[in-house]
Structure formats: structure tokens, C-alpha cells
1. Just to check your reading of the model, which residue among VAL252, VAL267 is among the aliphatic types (A, V, I, L, M), under 17 Å from LEU151 (Cβ atoms), free of Cβ contacts under 8 Å to residues at least 60 places away in the same chain and open to solvent by 10 Å² or more (accessible area, probe 1.4 Å)?
2. Does segment 187-199 contain any residue that is surrounded by fewer than 24 Cβ atoms within 10 Å (Cβ to Cβ), more than 14 Å from the ligand (Cβ to nearest atom) and either touching a residue at least 60 places away in the same chain (Cβ under 8 Å) or not assigned by TED's automatic domain parsing to the domain that holds GLY43 (or both)?
3. Scanning for something away from the ligand (no atom under 11 Å from the Cβ), surrounded by fewer than 18 Cβ atoms within 10 Å (Cβ to Cβ) and either of a type in the set (Asp, Glu) or in a loop (DSSP other than H, G, I, E, B) (or both), does segment 94-106 turn up at least one residue?
4. Filter segment 327-350 down to residues that are within 14 Å of the ligand (Cβ to nearest atom) and closer than 14 Å to PHE66 by Cβ and give me whichever is surrounded by the most Cβ atoms within 10 Å (Cβ to Cβ).
5. Could you list, in sequence order, all residues of segment 272-299 that are within 15 Å of the ligand (Cβ to nearest atom) and in contact with a Ser or Thr (Cβ under 9 Å, 6 or more places away or on another chain)?
6. Search segment 139-186 for residues being assigned to a helix (DSSP H, G or I) and among the hydroxyl-bearing types (Ser, Thr, Tyr), and hand back the single one that is nearest to the ligand (Cβ to nearest atom).
7. Suppose we keep only residues that are more than 17 Å from the chain's Cα centre (by Cα) and within 9 Å of the ligand (Cβ to nearest atom) within segment 217-267. Which one would you say is nearest to GLY191 (Cα to Cα)?
Amino acid sequence: MPEFPSTYEATTLVGGTVRLGAHPFPGDALGEDTVVIEPDYMGICRADIKEIAGSRDIMEDRGPLFGHEFIGSVVFSGARTGFRTGETVTLNPNITPTRTTGFADYVFVHGAREQLDQAVVRVPEPEITKNVWMPEPFACIVHAVRKLVGLANLPSLQGKRVGIIGAGCSGLLFAMYARHLEASVSVFNRGAMRRDFARERRILAEEEIFPLAEAESHRNGFDIVIVASTIVTPDLLRTAAAMAADGAVLFVYGGTRKGDRFPGGDVDVDTLRRRERIAPAEYLGKRLAVSGAYGCLKEDYEEAFRLHAEHPHDFPLEKLTSTQIGLGEFPELAMSIAAGTADFPGKVLIRTTAADPDRARK
Ligand SMILES: NC(=O)c1ccc[n+]([C@@H]2O[C@H](COP(=O)([O-])OP(=O)(O)OC[C@H]3O[C@@H](n4cnc5c(N)ncnc54)[C@H](OP(=O)(O)O)[C@@H]3O)[C@@H](O)[C@H]2O)c1
């Protein structure tokens, strides 16, 4: 049995307040069905921020997402888990709710072997902590594009004109993947900060990024329109529908809430997204197919790792990180993002003391 400290640092989120504090190390949780992970890096996701702000509907089958993006090492593996200590892993938060937050020194994941096999995903890139990127957001995009192609019965994205609303992490990842699949991409973002970031980091070319206010001048210009904004408002859906050509697919990826409808009809966009369905809709005489995707599977992570390893030029995922902080800075920063007083383009990463190369792991 490895030695663990008597207390460890973990965050709590209660009533919109994030706190970091010392918690007793739960030695009795180290059972046969438990994997304990010590994160090196965690990512802040818009879903974390929405949970702080109380503006996200939580799926009971998988629990809250607060602290779901991280990479780290297995430091304890119960006899029935199939894992070994020292393995570099990440989490698929879509499998089991029996796990603790990733914004902590240690993450405890409990489950049957088959569940753990899906929920704890081995990272095949030995250098990932030196060249860090978050696998989960990319796996979700891989999953979403697979769903989009399958649900809309498309042979591929090759030659398609893809319009994307939102140049946040999701929008930029969609752009990378659609371009890799030989589609043309045009990304529309409301504010200048994320447009400048995408351009300055050369994630998007000058002719691929536009102010959202210019979407109207691209009316009927896209075969596929992806909505990847924090919230999917009726106005944004109208903008997306205006951008879509007759017969296009309107793909909803960003934040929907229970009861959200496609403007002027009864298509339930929240259910379409969460259940990954497709339905016909009409907008100003145009025939559209409205669809969406939610979460990802282990195979999507595996494809994400393959794409990054084989096509590093197409997937410069490391460039998405705009800021790195320590875990101690996280509560205040996350709450100021949730309050709207701070905003960062790309991804904010938290680097833990475990990521320090001079520190030997326990
Ligand atoms: N379906 C899934 O499986 C899945 C998976 C992961 C994430 N998501 C969801 O995808 C959404 C985006 O995530 P992200 O990581 O890309 O977030 P992000 O990096 O924080 O980017 C948010 C984007 O939304 C835009 N935005 C916010 N409010 C807007 C509004 N009222 N009108 C127009 N644009 C607006 C922002 O534009 P500005 O720069 O102008 O603020 C920015 O482009 C989140 O809701 C997240 O929960 C879904």
C-alpha cells in the first residue's frame, strides 16, 4: 500500500462558492474497486463555470461535471480495477457519477471493472505533461463530428462549407477537425478577444474568423452550421438558420436547457442534443435538419489521441492554452469568471505540484 498524507487539498462547490481546503485523506476509500489519480494538470471548462453560476442542468446518470478535465497518474489501483500505479490517465466523466472532483490533489473513482475501463482512459502520449493539452474537450468534438456525419447520413465532411458560431475551445476544435476532414471553415465570434486569440495563435487563418455581427452577410452560405456557444439562445439559433443553406444541417453543441425549442416550431433542441437525434425543421421556407451531440466515449478519446499523434500540424491542441495557474488561485479565478468579471480565451489550465519534474511521486 503506498503512503498517503493524512490530509489533502480539495475544492468544494456549495451554493456558487468554490473553496479549497484540507480534507482528511479517506484511507477507507482505498478498496478493491477504486482508482486514485493524482492530477498533474486540470482544465477549466465552461461547464464548470456554469455549475458555479447555477446555469447548467446536471445529468443524474453522470453527476456534476465540476472538475472533470485533467490528466494525471494512477497512485492507487484496487485489486479488481485492471489499472496499475504509475499509468498516465485521464477521465471520461460520462460514465459514472461515483467519482470526486478533479480540482483536488487526488481524485477517487469507484466502479466495477467494466465501468472503470470506460471512465479512466489511458493516455498513450508519454510527453503529454511536457506538451500539455486536455483530451476530454477534443474527445467530445471527435464524438460530435462522428454523430453529425452519422445522423445526417453524410459520406464525409469533404468539400462541405462549415459555419461555426463561437470561437471558444469547442468552436476552435470543431474548426481544426472539420478542416482536417477537408471542409472549409468559417468561425463567427461575438467578442474580439477570442477572434484575436485564434488569429494571433494561428489556430485560424484571417479568412476563417469573423465577427458574429457579420453572420448575416453569409446568409444561405453553409451546408453545416455548428452552434458552439456557452448558451444557445433563440437569437443564435435564428442566426444559425439564416447562415444555413436550404437542406443544411444545424448542429447544436453549446449549452441548451430543458425545454429549449427551435424558433417557430416545436423541435426540442435540448432533447435532440442530449439524446443525439436529428429532426426536420423549417426556417423562412428553408428545409433544415436540426441535430446535436452530447459527451463522448472511450473510443473517441482513442481517436483523439491518434489524430493528435499522427497529425500534430492539423491539431495544435497545446496552442489552446492561454493561461496557467496554481490550484490555490483557482477558487477566486473561477468565481470571477462565473461572475463575468474575468474572461480568458482558449483554455485555462491548473498546474499542480505533482507536475513539478523535480518532485518525485509518492
Ligand atoms: N455537447 C457537448 O458534448 C459539449 C461538450 C463540451 C462543451 N459543451 C458546451 O459547449 C459550450 C461552449 O464550450 P467552450 O468550452 O467552447 O466554451 P468557451 O471556450 O468558454 O467559449 C464560449 C463561447 O461562447 C460564446 N458566447 C457566450 N455567450 C454568447 C452569447 N450570448 N452570444 C454569442 N456567443 C456567446 C463566447 O463568445 P465571446 O468570446 O463573445 O464571449 C465563446 O465563443 C458550453 O456551453 C459547454 O457546456 C458541450
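The values are calculated or read from the model by the stated rules, or taken from the named source; none is laboratory data. Quantities reported herein were computed from a predicted structural model and do not represent experimental measurements. We place every Cβ from the backbone using ideal geometry, glycine too, and count neighbours over all the protein chains shown. Please note that ligands, DNA and RNA were not included when accessible areas were found on the heavy atoms of the full protein model with its side chains. Shrake-Rupley method; radii C 1.70, N 1.55, O 1.52, S 1.80 Å.
1. Details: VAL252 fails: open to solvent by 10 Å² or more (accessible area, probe 1.4 Å).
Result of the check over VAL252, VAL267: VAL267.
2. no
3. yes
4. So, considering only residues that are within 14 Å of the ligand (Cβ to nearest atom) and closer than 14 Å to PHE66 by Cβ, the one surrounded by the most Cβ atoms within 10 Å (Cβ to Cβ) is ALA334.
5. LEU272, ARG273, ARG274, GLU276, ARG277, ILE278, GLY292
6. Taking segment 139-186 and keeping what is assigned to a helix (DSSP H, G or I), we get 139-151, 169-180.
With the extra rule that they be among the hydroxyl-bearing types (Ser, Thr, Tyr), the set shrinks to 170, 177.
Numbers: SER170: 3, TYR177: 13 Å.
This residue is SER170.
7. The qualifying residue nearest to GLY191 (Cα to Cα) is LEU236.
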